[in-house]
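A short write-up of the structure that comes next.
The values are calculated or read from the model by the stated rules, or taken from the named source; none is laboratory data. Here the structure is a predicted model, which is why all the values come from computation and not from measurement. Neighbour counts run over all protein chains shown; Cβ positions are idealised from the backbone, glycine included. Note: accessible area is taken over every heavy atom of the protein model, side chains too, but ligands, DNA and RNA are not part of it. Shrake-Rupley method; radii C 1.70, N 1.55, O 1.52, S 1.80 Å.
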Amino acid sequence: HVTGQASLDALYVDSEQLSERRSGLGNRYGLDSTKPWIFCAVPHLAEHGMCSWDEHIANTRALFAAMSDTGAEVLLSLHPKSRPETYRDEADIVGAHILVEPLRDVLPLADIFVSTYSSTVRWAAMLGIATIIADFTGLNYRMYDHLTSLSVVRDQADLKKVLTSLVRDDTSRGAVAAALREDASLIGVLDGQACRRIYAIALSLCGQVQE
């Protein structure tokens, strides 16, 4: 039986709720609803000792600038190990917003998602959100090679080009999102019904035992 992952049911938002929730988030952060929204799971390599703080801050500054220069609204989701005060000044410089809400609660509202090699990339792909991995430190992980429409960008200038294309071209962004959703369908199901399917299977097994 393919059930889907129960913990991901909370990510699913139907079309009727989507508009209402985007409006609510836009009001909370003063977002322009006519612009695409870029959500970013801010890299936390220095927090994990994977690079120096100087390198990390320099890469973070370049990442924030590349997203902001597209003219889109930029919303930043911090890892639990990250402290908001570490990133607040850099966010303020480019006019980005640090999210208070957990990424799981707001990711379905994104138009574009930027991350490193995070489990949240799988979430975005399953939701059908155009996604970019920014790998400025050359980690070169292979875990998402099966997502053929996923962009892995290792150069800061290239990141700006890819982002700008996705922001300005709705058709291209939609095509990338649809292809990612198709690829992700091979590894999971995200329709908000996983718990219901698991429950139904459990009931059917109980019935078989009683018989």
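By the rule of a C-alpha distance below 23 Å, with chain neighbours fewer than 8 residues away ignored, the lysines paired with K35 are K160, K161.
Over the stretch 91-154, what relative contact order in percent results from Cα pairs under 8 Å that are six or more residues apart?
Computed over the stretch 91-154, the figure is 26 percent.
Inter-part distance, the stretch 27-41 to the stretch 55-113, computed on C-alpha centroids, equals 11 Å. What is the log10 of I(q)/I(0) for the stretch 1-73, computed with the Debye formula using one identical point scatterer on each Cα and no solvent, at q = 0.11 Å⁻¹? Treating every Cα as an identical point scatterer, log10 I(q)/I(0) equals -0.50. Only Cα pairs under 8 Å and 6+ residues apart enter the sum, and on that basis the relative contact order of the stretch 116-185 stands at 44 percent. Rounded to whole numbers, the Karplus 3J(HN,Hα) couplings from phi for the stretch 169-178 are 10, 4, 5, 5, 4, x, 5, 4, 4, 5 Hz, using 6.51 cos²θ - 1.76 cosθ + 1.60 with θ = phi - 60°, and x at Gly and Pro.
Computed log10 I(q)/I(0) for the chain at 0.08, 0.19 Å⁻¹: -0.30, -1.49, from the Debye equation with unit scatterers placed on every C-alpha and solvent omitted. Counting protein heavy atoms only, the stretch 81-211 has 52 percent of its accessible area on carbon and sulfur, 1.4 angstrom probe.
Extension gain for the segment S172 to D9, taken as residue separation times 0.36 nm less the Cα-Cα distance, is 55.9 nm to one decimal.
Short-range pairs are left out: with C-alpha atoms under 8 Å and at least six residues apart, the relative contact order of the chain is 27 percent. Against the criterion of solvent-accessible heavy-atom surface with a 1.4 angstrom probe, R21, R154 sort, most first, into R154, R21. Its Cα gyration tensor gives the stretch 91-207 an equivalent ellipsoid. The semi-axes, each the square root of 5 times an eigenvalue, are 31, 17, 14 Å from largest down. Sorting 83-94, 159-170, 2-13 by their mean Cβ neighbour count within 10 Å, with the most densely packed peptide first, gives 159-170, 2-13, 83-94. The ratio of the alpha-carbon radius of gyration of the stretch 32-141 to the globular-protein estimate 2.2 N^0.38 Å is 0.99. Of the solvent-accessible surface of the stretch 10-49, computed with a 1.4 Å probe and all protein chains present, 44% belongs to carbon and sulfur. Put a plus charge on the Cβ of each Lys and Arg, a minus charge on the Cβ of each Asp and Glu, and nothing anywhere else: the dipole of the chain about its Cα centre is then about 160 debye.
Excluding ligands, DNA and RNA, the accessible surface per residue across the chain is 52 Å² with a 1.4 Å probe.
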